[in-house]
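The values are calculated or read from the model by the stated rules, or taken from the named source; none is laboratory data. The structure displayed is predicted, hence computed values, not measured ones. In this analysis, Cβ positions are derived from the backbone assuming ideal geometry, glycine residues included, and neighbour counts consider all displayed protein chains. What goes into the accessible areas is simple: the full protein's heavy atoms, side chains included, and nothing from ligands, DNA or RNA. Shrake-Rupley method; radii C 1.70, N 1.55, O 1.52, S 1.80 Å.
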Amino acid sequence: MGVLNVTPDSFSDGGRYLDVDAAVAHGLRMVAEGADIVDVGGESTRPGAAPVDGDVERGCVVPVIAALAPQVRVSVDTRKAVVAEAAIGAGATLVNDVSATLWPVAAAAGVGWVAMHMRGTPETMQREAHYDDVVGEVRAFLIARAAEAREAGVDEVWIDPGIGFGKTRAHNLALLRGLGTLAAIGEPLLVGTSRKSFLGELAGGAPADDRLEGSLATAVWSMTQGAAMVRVHDVGPTVQAARLIGEDVALGEAS
Ligand code: HH2
């Protein structure tokens, strides 16, 4: 899943793809590099981010989705029902929902849904990063949300631990260690670590644009622990790494 942020303020690529043509071109570049899905978002969810008005968000994502959807599967990264509905109308077939509340929209439209774990909202989440057992609590949350969505009629449900969403560095690392437990839930597992701040901290304060090594290492780790999809900014290098471990190593291609 390639990340396409049509936002002024996303933490790593904010402001780069505000122009529709530039956004579509970047989406197609990620497809050429091997992305199966392009995830279009019009609201930053970085820690402390302020909410974006629904009309503004819809106006940012709809033209980009309409242009990309005939060429690649598109997901919409949103917390708002009005934006999800408009995105589906423009051709999106997966609702990537960091609030884990929009399954009724997905059920009504007959599209897929990603349930991601977060504490509070992006504005407040880092103040709410308290857990007794982060893997157990995230697991229980994802099982409950997936069951609700299935009961409501969603056929394609993804689960995602929400790395960085109301989690400290220790929580993020514990969740990465516990991915096998989450994969064992039985719903396809999506993991997003790409360029996130804990990778910068582990790399001595590297800025968002300089976190490729950690992004790749954690994407490979996630795949080997059972993730069915990784959400990344750097599609080409990740696809190369995925092919290496998926085909060459696992199937003995290189020998
Ligand atoms: N992370 C971000 C946004 N959406 N969706 C899922 N399912 N999983 C994630 O881990 C996830 C997500 C944050 O990254 P990004 O889109 O690059 O930044 P911003 O929220 O600042 O736009």
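Rounded to the nearest percent, how much of the accessible area of the chain (1.4 Å probe, protein heavy atoms only) is carbon and sulfur?
Working: 5690 of 10610 Å².
Of all accessible area on the chain, carbon and sulfur atoms account for 54 percent.
How charged is the neighbourhood of THR238? Take every other residue with its Cβ under 11 Å from the Cβ of THR238, and add Lys/Arg as +1 and Asp/Glu as -1. Walk me through the numbers before you get to the answer.
Working: positive: ARG231, ARG243; negative: GLU33, ASP234.
For residues surrounding THR238, the net value is 0.
Please report, in whole Å, how far the alpha carbons of region 4-74 spread along each principal axis, starting with the longest.
Principal axes ranked by extent give 33, 23, 18 Å for the Cα atoms.
If I take R0 = 25 Å and measure r between the Cβ atoms of GLU123 and ASP209 in this structure, what FRET efficiency does the formula 1/(1 + (r/R0)^6) give, to the nearest 0.05?
Numbers: r = 25 Å, r/R0 = 0.98.
It comes to 0.55.
May I ask you to compute the full-extension gain from ALA22 to THR101, defined as 0.36 nm times their residue separation minus their alpha-carbon distance, rounded to one decimal in nm?
Numbers: separation 79, 0.36 × 79 = 28.44 nm, distance 3.07 nm.
Here the segment from ALA22 to THR101 would lengthen by 25.4 nm.
I'd like the Kirkwood hydrodynamic radius of the chain, using the inverse of the mean 1/r over distinct C-alpha pairs, in Å.
On the way: mean 1/r = 0.0549 Å⁻¹.
Evaluated over the chain, this radius sits at 18.2 Å.
TRP158's amide H: which non-local residues (gap 5+, or another chain) put their own amide H closer than 5 Å, with H modeled 1.01 Å from N in plane and none for Pro or chain starts?
It is TRP113, VAL114, ALA115, by chain and number.
If I model region 106-255 as equal point scatterers sitting on the Cα atoms and use the Debye formula, what is log10 I(q)/I(0) at q = 0.17, 0.19 Å⁻¹?
Cα-only, vacuum Debye calculation for region 106-255: -1.02, -1.20.
With a ≥ b ≥ c taken as the square roots of the eigenvalues of the C-alpha gyration tensor of region 45-167, please select rounded if a/c is under 1.5 and otherwise prolate if a/b is larger than b/c or oblate if it is not? Each step should come with its number before you reach the end.
Numbers: a/c = 2.36, a/b = 1.37, b/c = 1.73.
Taking the square roots of the gyration eigenvalues as a ≥ b ≥ c, region 45-167 is oblate.
How much area per residue is accessible in the chain when the probe is 1.4 Å and only protein heavy atoms are counted (Å²)? Could the numbers behind the result be given before it?
Working: 10610 Å² over 255 residues.
Result: 42 Å² of accessible area for each residue.
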